[in-house]
Amino acid sequence: MPAICSHPYYTVQREIVNNEQVISKNTLFLELHPDTIHSNKHKFNLADVHDLSFKLLSVDEYLLYLHTNQGVFTFHSPLSPLPLKRAFQRLKNDI
């Protein structure tokens, strides 16, 4: 089933290569489906997600919080998660 909304987030990986720290960012996507939200490592049933919130860290970085019955999951995002939050709220209101 295609995603209703897709939102980018990134993971940061730090490695030591030839005595130098190498930092790489991997861009991934949170995908909102009619009954689930998918990240690269998790699949959350929409019924198990209580809220989606975010805060601005800097001009081009947001922290997105996914509040679930398994705890709070945090995602770093380069874009405002407001469209994802609005789509999520519309789906939750329909449940």
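The values are calculated or read from the model by the stated rules, or taken from the named source; none is laboratory data. Keep in mind the model is a prediction, meaning the values are calculated, not measured. Positions of Cβ are generated from backbone atoms using ideal geometry, with glycine treated the same way; all protein chains shown enter the neighbour counts.
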| message | List the strands (runs of 3 or more DSSP E) inside segment 31-95, counting only whole elements, that have at least 1 residues being loosely packed, with under 12 Cβ neighbours inside 10 Å. | response | 43-45, 49-58, 71-77
| Mind checking which pairs have a first residue in segment 71-92 that is more than 11 Å from Cys5 (Cβ to Cβ) and a second that is at pLDDT below 95, Cβ under 6 Å, 6 or more apart or different chains? | Pro78/Asp60
